[in-house]
């Protein structure tokens, strides 16, 4: 388990909520996708104090996917992979998908 900086996590939470959550990632979702459940899962992750290596990787994907300093075209694959991971984690929270 590892700890991530609290300010870093708070910044990610603000960006996630302020940017529209999963909709703000800019990757089309299938009709019927449970957006609220995905957003809740991400916020629960970002509220943790300790992270497994797997969870830490998801947090890094979140940071890269939401980083506005990087042109959207350069982060498209990261954002698509992030959505794939989040959909799988919501379906089965115990599944390692990174």
**Asked** Can we say residue 78 is over 10 Å from the mean Cα position of the chain (by Cα), on the phi < 0 side of the Ramachandran plot and not in a helix (DSSP H, G or I)?
**Response** no
**Residue selected from region 86-97 under the condition within 14 Å of the chain's Cα centre (by Cα) and outside any helix (DSSP H, G or I), by the criterion surrounded by the most Cβ atoms within 10 Å (Cβ to Cβ)** = 97
**Request:** Could you check, for region 45-65, whether at least one of its residues is at pLDDT below 85, over 21 Å from residue 4 (Cα atoms) and part of a helix (DSSP H, G or I)?
**Result:** no
**Fill in**
The number of residues in region 1-51 that are loosely packed, with under 13 Cβ neighbours inside 10 Å and touching a strand residue (DSSP E or B) at 6+ places or on another chain (Cβ under 8 Å) is 4
**Prompt:** Looking at 17, 83, which is the one that is in contact (Cβ under 8 Å) with a residue 60 or more places away in the chain and in a helix (DSSP H, G or I)?
**Reply:** 83
**Message:** Please determine whether any residue of region 23-42 is in contact with a helix residue (DSSP H, G or I) (Cβ under 6 Å, 6 or more places away or on another chain), in a helix (DSSP H, G or I), under 16 Å from residue 79 (Cα atoms) and modelled with pLDDT under 90.
**Reply:** yes
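The values are calculated or read from the model by the stated rules, or taken from the named source; none is laboratory data. What you see is a predicted model, and the numbers here were worked out from it, not measured in a lab. Cβ sites come from the backbone with ideal geometry, for glycine too, and all protein chains shown count toward neighbours.
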